[in-house]
Amino acid sequence: MKQVLVSNSAFFKQVAILQDGKLNDYLYELNDNKSILGNIYKGRVMNILPGMEAAFVDIGLDKNAYLFLDDLLSDKFLKEKKIKKKGAINISKVLKKGDELLVQVVREPIGEKNVSVTTDISLTGKYIAFIPNTIDVNLSKKIRNLDERKRLEEAGKSIMNNGNGMIIRTFAKGSSRETLEKEYKMLSAVYMQIEQEYKYSYAPKLLYKSNSLIERFFLDYIEPTVDEIYVEDKTTKDKFTDMISGLSGDDLKNIKIIESQRIFECFNVETQIKMLFDRKVELKNGGSIIIDVAEALTVIDVNSGKYVGSRNMEDTALKINLEAVEEIARQVKLRNISGIILIDFIDVKKEESINLIINKAKSLFKDDKNKTSVIGMTKLNLMEITRKKNKENFFNLITEECGHCGGSGRISSKIYIFIKIESIIKNIKLNTSSEAVILNVGSLLYNKIINSCMDIISEIEKKYVIKIYIEQDDKILTDDIIVGKMGKLDLKNKLTNIL
């Protein structure tokens, strides 16, 4: 059974996708929706970097966006400038300081890296992605039936107008021409509005805000294989109901939308998310994988651990490696690990064994929402994988550099502190009549909470109508948050009088 759980906290939206109770995908976003991925701007070129074949573009953010030459030379740009791609080998010849461009964000800030933009604009719907200024109709590779591909391609070509093309998405399989045309016209109208604003506005300017987490999730993940969607409030339930009823056909009509409380706790999701902190992940067969994340690459080591297997070393190593690659694919998606990924498998000698591992990796990553390529084995017998970077990985989101060790270790970030405290308070509120609670934390966490987290804690207090006291306990040497006392509103005063 495939289930989707949507949890809204005081400051954070979380979506978990479970397959038979196991966490298979995890998405998250701050409530203020500061995500800019997919936003479309009118930008101004501020500087040309000939040696890097790139430019800095002001789109109205704190830092200028980065535009690579390859991301500049879209069909739209070449058509407007009336130049041929073969002749555009030098960015200085096709772009100059002060030029204004329509650009879309393809990568959010990651570490020290700036926002990255492209002139290759697209608007994504459920059935199609609208691609302006192109005459192409492309289809998702996941639509494999040749007759269906031909039917959809012909439908797409008959719909296309004004020199704007499309990519027909996987969900469109089996859809009617009328369904595709309805969405094409809707996205076309959105783009016409963007073009209109572009003509009559000053750069830099935001012209189009990308969808919220719930809307993006619906477009990319909700399909007939989903059996149930669990939400915690009526607003989110109504939103899913409206989005499903707004679609043509009955593909999603059988999905049950259920409103319930404490869904992450009931489905053991919080425990599974907590495991994403762990550097070491145990495998069912007794082996393990070790995940070490750096800024530019991630190294994953496969260990045999307690697994002894058969007397044949080759077979034993192969079995561990095949289970490991399955767990690695899951962890990569859950943690949003991207960039270069190197996997050090247990050595196997036979070419047949190596090919089995490579082919399994390819099959596991082929449905990844992020563009992922399994390159194969290097000369050092390491599997090399590349995965598109578009946002910060989960590890960097939930941890931050520790000032005490100069960055060689990590400590809990404010986001994780908020998640942990709200989880504790929600549980207390649902199971007790307490009006106040004292939370005990170690000295490092205490100083961090008092100095930079009290505003959000106030929001949690208001939401759950409960007073939160934070107390320092020097015996706690970790980032644990422990419930000290619970009781009436004057709980703190009573304890002070006793002491």
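Here, each number is a calculation from the coordinates, and none is a lab measurement. Only a predicted model underlies this, so the values are computations on that prediction, with no experimental measurement involved. Don't worry about glycine lacking a Cβ; one is built from the backbone with ideal geometry, like all the others, and counts go over all protein chains shown.
Take the Cβ-Cβ distance between Glu326 and Asp70 as r, set R0 to 60 Å, and report the resulting FRET efficiency rounded to the nearest 0.05. Let's see the in-between values first.
On the way: r = 34 Å, r/R0 = 0.56.
Efficiency, from the Cβ-Cβ distance: 0.95.
Of Ala294, Gln193, Val226, whose Cα points farthest to the positive end of the dipole of segment 191-321 (charges on the beta-carbon: +1 Lys, Arg; -1 Asp, Glu; origin at the Cα centre)?
Ala294
Under a plain spin-label model, where a point goes 7 Å from the Cα along Cα-to-Cβ, how far apart in nm are Lys284 and Thr235?
Simple spin-label model gives 4.1 nm for this pair.
What FRET efficiency comes out for Lys79 versus Arg177 if R0 is 25 angstrom and r is the Cβ-Cβ distance? Round to the nearest 0.05. Provide the component values of the computation, followed by the final result.
Values: r = 27 Å, r/R0 = 1.10.
The value I calculate is 0.35.
List the residues, sorted by chain then number, that are 5 or more residues from Gly487 or on another chain and whose placed amide H is less than 5 Å from its amide H.
Glu435, Ala436
Using only the Cα atoms of segment 278-387, what semi-axes does the equivalent ellipsoid have when each is the square root of 5 times a gyration tensor eigenvalue? Give whole Å, largest first.
Working: eigenvalues 93, 49, 30 Å².
Equivalent ellipsoid of segment 278-387: 22, 16, 12 Å, largest first.
Label-point separation (nm) for Asp480 and Lys253, each offset 7 Å from Cα along Cα-to-Cβ?
With each label placed 7 Å out from Cα toward Cβ, I get 5.4 nm.
Apply the Karplus curve 6.51 cos²θ - 1.76 cosθ + 1.60, θ = phi - 60°, to the phi angles in segment 140-148 and return the couplings in whole Hz, x for Gly and Pro.
Karplus values, whole Hz, x for Gly and Pro: 4, 5, 6, 8, 9, 5, 5, 5, 5.
How high is the FRET efficiency from Lys463 to Asp136, r the C-beta distance, R0 60 Å, rounded to 0.05?
Values: r = 49 Å, r/R0 = 0.82.
With R0 = 60 Å, the Cβ-Cβ based efficiency is 0.75.
Can you match Rg/Rh (Cα atoms, Kirkwood Rh) to one of these, (1) 1.08; (2) 1.06; (3) 0.99, based on a calculation from the structure here?
(3)
Please compute the alpha carbon radius of gyration of segment 123-200, then divide it by the globular-protein estimate 2.2 N^0.38 Å. Two decimals is fine. Don't skip to the end; give the middle numbers.
Details: Rg = 12.5 Å, N = 78, 2.2 N^0.38 = 11.5 Å.
For segment 123-200, the normalised Cα radius of gyration comes out at 1.09.
Using only helices, what value at 222 nm comes out for the chain when you add -39,500 (n - 2.57) per DSSP H run of length 4 or more and divide by the total residues, to the nearest 500 deg cm²/dmol?
Numbers: 16 runs with 172 residues, N = 499.
Taking each H run of at least 4 residues, the total per residue is -10500 deg cm²/dmol.
Subtracting the Cα-Cα distance from 0.36 nm times the residue separation, let me have the gained length for Asp490 to Glu400 in nm, one decimal.
Values: separation 90, 0.36 × 90 = 32.40 nm, distance 3.55 nm.
Computed gain between Asp490 and Glu400 is 28.9 nm.
Take the alpha carbon atoms of segment 182-206, find their center, do the same for segment 244-308, and report the distance between the two centers in whole angstrom.
For segment 182-206 versus segment 244-308, the Cα centre distance is 38 Å.
Can you give the charge dipole size of the chain about its Cα centre, rounded to the nearest 20 debye, using +1 on the beta carbon of Lys and Arg and -1 on the beta carbon of Asp and Glu?
980 debye
Between the DSSP loop rule and a limit of at most 13 other Cβ atoms within 10 Å, which GluC sites (Glu not before Pro) in segment 194-277 are left? Write down the numbers at each step before the final one.
Numbers: sites: Glu195, Glu197, Glu215, Glu228, Glu232, Glu259, Glu265, Glu270; in loops: Glu232.
Answer in residue order: no site qualifies.
Give me, ordered by chain and number, the residues 5 or more places off Glu29 or on other chains with an amide H under 5 Å from its own placed amide H.
When sequence neighbours closer than 5 places are left aside, the close amide H contacts are Lys13.
Gain in length, Glu265 to Glu351, computed as 0.36 nm per residue apart minus the alpha-carbon separation, to one decimal in nm? Write down the numbers at each step before the final one.
On the way: separation 86, 0.36 × 86 = 30.96 nm, distance 4.54 nm.
Result for the pair: 26.4 nm of gain on full extension.
State the extension gain, in nm to one decimal, for the chain segment bounded by Gln193 and Glu295, taking 0.36 nm per residue of separation less the distance between their alpha-carbons.
Numbers: separation 102, 0.36 × 102 = 36.72 nm, distance 3.87 nm.
Full extension from Gln193 to Glu295 adds 32.9 nm.
Under a crude label model (7 Å from the Cα following the beta-carbon direction), how far is Lys369 from Glu314 in nanometres?
4.1 nm
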